[in-house]
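Report on the following structure.
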Amino acid sequence: MYHILAGKQRALKFPIMCNASVKIDYSDNIPDTNNNSNTADDVRYGLWGHEGSFIFEAIITPYDINGYGAGWDEKPSVVSGRTFSDTPPSPRLINASDKVMPAIDSRLYSASDRQSEAYLASTTAGRLNHEMIIFYNDNFHISLVNTTKHNQNQPAEFGIKVGIKTPNMVSKTEITTDAVILPSYSRTYTYSATDGIDQTEGFDEFGRFKYWKVNTVGSGTNTGDYVSLGSNAVDFIEGVNQKVFIREDNKFVLLGEVNTKTASQIRTVSPHGKTLTTGEGLFLKAYQEPTYINKIHQVSCIYDDLQKKVFIYLNGILIKEETIVATDSFAFDRTDCFLGANGTNATGVGSATTNKQFMGEMHEMYISNRISSKIVRHSNLMPNYNDVLLYLRFEEIDL
């Protein structure tokens with residue numbers, strides 16, 4: 001007989017701006033063998049009794065911690081109702097979802113005006129390099145790290161970070177991938193007279209509207225790291241490496257990243273090496289959206305104790321591998337483990353940074369004592385229970 005289950009799919013949810021974690025208590029699972037508070041002589045089993053190779057896998061949904069923050073240097077005239085006359089192109093809504101972090105518009109507000117700034121180390125920079133712990137043990141942790149440099153039309157982009165330490169190592173070796181969980185910046189475009197004819201230039205070779213023309217190349221110096229501008233530089237951010245594109249035939253090519261600017265020019269971080277023509281368009285990415293907040297992602301790590309190698313996967317694809325320097329076998333530390341934070345339990349200003357607070361959803365997680373040559377992509381984890389050191393399933397179904 002077949003059974004069909006219908007209802008709401010649940011998850012372990014860490015809301016935006018929360019201060020929360022789940023503790024897997026060592027003392028609740030491993031008896032104090034000699035009643036002496038010394039873990040060295042405990043008879044260990046399961047996760048804490050394991051030595052050697054292992055696989056970690058989790059099905060998660062991260063939230064966007066960048067939010068919408070303009071970051072422009074110019075501060076247009078503020079009129080009644082705290083509005084401004086110089087509206088930037090394609091602004092993202094402020095806190096349009098409970099899965100998106102609130103953020104300030106720096107033209108109108110200071111960092112001290114917003115709890116979201118205090119929550120993450122009191123500065124916008126706190127969210128731009130924020131680390132979100134998925135699983136934490138003193139000898140192994142895995143997390144997501146925001147790799148973005150600004151948050152103007154720029155949702156968070158996450159790399160995967162693994163920290164690992166064998167008992168004889170002084171400190172953890174940390175390995176971080178490039179950004180692999182990325183926002184989308186393509187959408188259906190409907191032309192209207194108010195958009196301006198220039199915006200029809202923003203379609204890529206596949207017919208998707210992905211770039212917004214914000215300026216043109218001026219007639220000044222356009223060699224080295226200089227790019228002269230045909231109009232005021234209001235749309236560019238100074239000093240945050242904002243990516244600027246030019247169009248070559250039907251493809252868009254990265255010109256460079258903005259370092260400094262004046263009203264009439266920008267300078268890129270390094271020489272752009274392009275021959276620019278007066279009047280050609282300068283483009284920024286249009287309509288970036290954190291679509292990952294509504295998707296599941298399979299984050300995996302294999303540690304091969306024989307080779308002393310760490311393999312990091314996303315959705316079954318090997319992203320990075322690295323060898324660590326270790327002379328002994330790996331073992332989980334005889335301490336509490338945590339989900340969603342590192343167990344520091346800090347409170348108050350900057351607590352999310354200290355705790356490395358995860359914001360998002362966890363659906364499943366397991367650790368196995370048997371490794372394989374690769375990770376297979378699944379929407380649900382399928383552990384072999386004979387090899388499982390830890391298995392947590394947070395999804396439930398309302399019947």
Got at least one residue in segment 297-309 being at pLDDT below 95, under 30 Å from Ser373 (Cβ atoms) and basic (Lys, Arg)? no
Tell me which residues, restricted to segment 215-256, are closer than 24 Å to Ala125 by Cβ, touching a residue at least 40 places away in the same chain (Cβ under 8 Å) and part of a strand (DSSP E or B). Lys243, Val244
Quick one: in segment 13-65, of everything that is at pLDDT below 90, touching an Asp or Glu at 6+ places or on another chain (Cβ under 9 Å) and in a loop (DSSP other than H, G, I, E, B), which residue is farthest from Thr353 (Cα to Cα)? Asn34
Got at least one residue in segment 134-149 being assigned by TED's automatic domain parsing to the domain that holds Thr353, part of a loop (DSSP other than H, G, I, E, B) and modelled with pLDDT under 90? yes
Could you say whether any residue in segment 265-273 is among the small types (Gly, Ala, Ser) and not assigned by TED's automatic domain parsing to the domain that holds Asn241? no
Residues that are surrounded by 14 or more Cβ atoms within 10 Å (Cβ to Cβ), hydroxyl-bearing (Ser, Thr, Tyr) and outside the structural domain of Thr61 (by TED's automatic domain parsing): which strands (runs of 3 or more DSSP E) entirely in segment 309-384 hold 2 or more of them? none
Name the residue, out of Val244, Val227, Val269, Val214, that is closer than 16 Å to Lys149 by Cβ, out of contact with any Cys (no Cβ under 7 Å at 6 or more places or on another chain) and crowded, with 20+ Cβ neighbours inside 10 Å. Val244
Residue that is in a loop (DSSP other than H, G, I, E, B), at pLDDT 60 or above and not assigned by TED's automatic domain parsing to the domain that holds Leu389, where the choices are Asp98, Asp73: Asp98
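The values are calculated or read from the model by the stated rules, or taken from the named source; none is laboratory data. Quick caveat: nothing in here was measured; it's all calculated off a predicted structure. Note that we place each Cβ from the backbone using ideal geometry, even for glycine, and neighbour counts take in every protein chain shown.
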